[in-house]
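Heads up: the structure comes next, in structure tokens.
The values are calculated or read from the model by the stated rules, or taken from the named source; none is laboratory data. Since the structure is predicted, the reported quantities are computational estimates derived from the model, not experimental observations. Here the Cβ positions follow ideal geometry from the backbone for every residue, glycine too, while neighbour counts run over all protein chains shown. Calculation scope for accessible area: heavy atoms of the full protein, side chains included, ligands and nucleic acids excluded. Shrake-Rupley method; radii C 1.70, N 1.55, O 1.52, S 1.80 Å.
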Amino acid sequence: MSKQFDVAVIGAGAAGMMCAAVAAQRGRKVVLIDHAARLAEKIRISGGGRCNFTNVGATPQNYLSQNPHFCKSALSRYTPQDFVALVKRHRIGFHEKHKGQLFCDESAEDIIAMLKAECDQGGVSWMMPCAVNGIGKSGELFRIDTGAGEVLAASVVIATGGLSIPKIGATDFAYRIATQFGLRMVETQPGLVPLTFDGGASQALSALAGIAVQAEVETGVKKGRGYFLEDLLFTHRGLSGPAILQISSYWRPGGALSINFLPEVDVAEALIEGKGTLKKNLSNLLAQWLPGRMVEGWLELNGFDGAARIADMPDKGLRQLGDSLNRWSIRPSGSEGYKKAEVTLGGVDTRELSQQSMMVNSVPGLHFIGEAIDVTGWLGGYNFQWAWASGVAAGQAV
Ligand code: FDA
């Protein structure tokens, strides 16, 4: 026999649990359905196991979307301070790490337990692990075909996230349902992901693997332009670290990155000025600004002899070296893909949804929330803030 609910939330991750708790505490009869055996695996592994659960400075400017205005309403109605108040109510210790990023003192498990407790308080029913085979609509009701029989619901909220990390249960379920109901999609791409280089470039750069330096990175044009000043890490396959993860969300295949390893110094000027006054060699001079291994590797990569006295070098060569450090232009061949990406860019086109309720304009009762939608945050707690805010927006409307 079919089970009937007011609301069926599919996907018991960050957004889904938040939405279910809010709807259930408003008195709705809610069921949460998820195919995974373990609850909220992405929260568990987030922030190195400590969950960077929000960012105190989150604003719509920290999000990428074809429609940058869409996220404003939900973000302004459920703010980082609202989530912090919830965390405090559950007596979870937390601290600010860097640039407004809030982390649990103990473990990401505390956030999962908190959301579970909020769901329990509203009396949410659970179907988990439970496969969802399909969704149809007949009359006013949605019919959800699950591995545990048919579920009927007046409202369905799709909270199954994006494609990142298929190993822990990510699927294209949300996109399939969106397509089935005739909704437009924004092409997806891995975001917050290390960038890679092929063949020669990768081999040349591998000598620098393991070196971390602060750098200014830029890419894109006009509206889609990204700029970050963060740590950059050379790896055996390419580039990683916060600066690269951030810029990867703005990078498009075939595009170039411009990297400045010394934004505070005009290196060419400093080298040329140093000619008259210094007896130093290239390695010594650069080592005042950059780690020794980076200096040696960089000089070798660019064909300079570290032992050469700058006084003996032509200005042209010094300018080339300065440019390579202040304006390194490099074209990644690709990224590490969804298996390493923290998020998925693109997804359900926001033009199909109400920014107040996350409901599909053309299908009353059907909602999409969280990462499934074409709203993607920067690194630093912004993606969870979107999951909470969009979850609350739908939870208050269903
Ligand atoms: P989420 O992925 O959380 O949940 C989707 C749920 O749907 C899952 O439980 C899944 O099992 C279920 N599901 C999927 N397909 C299904 C199907 N076909 N049938 C049934 N159920 C299905 N963000 C941040 O702000 N701070 C951080 O510290 C981090 N750290 C981080 C680390 C790593 C390694 C990753 C991969 C990601 C992050 N993120 C992050 C990003 C953040 O985890 C992500 O944006 C949110 O979890 C998205 O929340 P959702 O609820 O939309 O999807």
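For the stretch 360-387, filtered to residues that are within 7 Å of the ligand (Cβ to nearest atom) and more than 12 Å from the chain's Cα centre (by Cα), the residue that is surrounded by the fewest Cβ atoms within 10 Å (Cβ to Cβ) is A372.
Considering each of G93, G100 in turn, give the residue that is within 15 Å of the ligand (Cβ to nearest atom), farther than 30 Å from S138 by Cα and of a type outside the set (A, V, I, L, M, F, W, C).
Working: G93 fails: within 15 Å of the ligand (Cβ to nearest atom).
Matching residue, one of G93, G100: G100.
Every listed requirement among (1) in a helix (DSSP H, G or I); (2) open to solvent by 50 Å² or more (accessible area, probe 1.4 Å); (3) out of contact with any His (no Cβ under 9 Å at 6 or more places or on another chain); (4) more than 12 Å from the ligand (Cβ to nearest atom) is met by A113 save one, (3). Just the residues that are in contact with a His (Cβ under 9 Å, 6 or more places away or on another chain) and buried (at least 20 other Cβ atoms within 10 Å of the Cβ), please, taken from the stretch 116-127. Within the stretch 116-127, E118 is the sole residue that qualifies. Within the stretch 197-219, being under 18 Å from the mean Cα position of the chain (by Cα) and not acidic (D, E) holds for V217, T219.
Is it true that P68 is without any contact (Cβ under 8 Å) to a residue 24 or more places away in the chain, in the same structural domain as A393 (by TED's automatic domain parsing) and farther than 23 Å from A170 by Cβ? For P68, the condition - without any contact (Cβ under 8 Å) to a residue 24 or more places away in the chain, in the same structural domain as A393 (by TED's automatic domain parsing) and farther than 23 Å from A170 by Cβ - is met. Across the stretch 36-49, the number of residues qualifying as among the basic types (K, R) and either near the ligand (Cβ under 6 Å from one of its atoms) or surrounded by 20 or more Cβ atoms within 10 Å (Cβ to Cβ) (or both) comes to 1.
The lone criterion from (1) assigned to a loop (DSSP other than H, G, I, E, B); (2) open to solvent by 20 Å² or more (accessible area, probe 1.4 Å) left unmet by F70 is number (2). Go through the stretch 158-183 and give me each residue that's part of a loop (DSSP other than H, G, I, E, B) and either within 14 Å of the ligand (Cβ to nearest atom) or in contact with a helix residue (DSSP H, G or I) (Cβ under 6 Å, 6 or more places away or on another chain) (or both). Those that are part of a loop (DSSP other than H, G, I, E, B) and either within 14 Å of the ligand (Cβ to nearest atom) or in contact with a helix residue (DSSP H, G or I) (Cβ under 6 Å, 6 or more places away or on another chain) (or both): A159, T160, G161, G162, L163, S164, I165, G169, A170, T171, D172, L183.
Among the residues of the stretch 22-35, is any assigned by TED's automatic domain parsing to the domain that holds G365, among the small types (G, A, S), part of a helix (DSSP H, G or I) and more than 10 Å from the ligand (Cβ to nearest atom)?
Yes, because at least one residue in the stretch 22-35 is assigned by TED's automatic domain parsing to the domain that holds G365, among the small types (G, A, S), part of a helix (DSSP H, G or I) and more than 10 Å from the ligand (Cβ to nearest atom).
Of S164, S155, which residue is open to solvent by less than 20 Å² (accessible area, probe 1.4 Å), assigned by TED's automatic domain parsing to the domain that holds M18, closer than 24 Å to T350 by Cβ and over 26 Å from the mean Cα position of the chain (by Cα)? Let's see the steps before the verdict.
Numbers: S164 fails: over 26 Å from the mean Cα position of the chain (by Cα).
Answer to the selection: S155.
Can you tell me which of (1) more than 10 Å from the ligand (Cβ to nearest atom); (2) surrounded by 14 or more Cβ atoms within 10 Å (Cβ to Cβ) is the one N52 doesn't meet? Condition not satisfied by N52: (1). Counting only strands (runs of 3 or more DSSP E) that sit completely within the stretch 186-290, those holding 3 or more residues that are open to solvent by 40 Å² or more (accessible area, probe 1.4 Å) correspond to 212-219, 226-234.
Please find, among S76, S155, the residue that is polar (S, T, N, Q) and assigned to a strand (DSSP E or B).
Working: S76 fails: assigned to a strand (DSSP E or B).
On inspection, the qualifying residue turns out to be S155.
Filtering the stretch 84-110 down to residues that are among the basic types (K, R) and surrounded by 14 or more Cβ atoms within 10 Å (Cβ to Cβ), which residue is farthest from F53 (Cα to Cα)? Steps first, please.
Step one: of the stretch 84-110, the residues among the basic types (K, R) are 88-89, 91, 97, 99.
Now restrict to residues that are surrounded by 14 or more Cβ atoms within 10 Å (Cβ to Cβ): 97, 99.
On the way: K97: 12, K99: 13 Å.
Filtering first and then ranking leaves K99.
Within the stretch 301-347, the set of residues being surrounded by 20 or more Cβ atoms within 10 Å (Cβ to Cβ) and over 30 Å from D266 (Cβ atoms) comprises S335, Y338, A341, E342, V343, T344, L345, G346, G347.
Looking at the stretch 323-346, I want the residues that are within 16 Å of the ligand (Cβ to nearest atom) and have a partner that is among the charged types (D, E, K, R) and open to solvent by less than 30 Å² (accessible area, probe 1.4 Å) with Cβ atoms under 9 Å, at least 6 apart or on another chain. Which pairs are those? Correct list of pairs: L345/D374; G346/D374.
If the condition is being within 14 Å of the ligand (Cβ to nearest atom) and either farther than 18 Å from L39 by Cβ or in a helix (DSSP H, G or I) (or both), then the stretch 1-21 contributes A14, A15, G16, M17, M18, C19, A20, A21. Filtered by the rule that a residue be open to solvent by less than 60 Å² (accessible area, probe 1.4 Å), in contact (Cβ under 8 Å) with a residue 12 or more places away in the chain and more than 22 Å from M18 (Cα to Cα), the stretch 136-145 gives a lone residue, L141.
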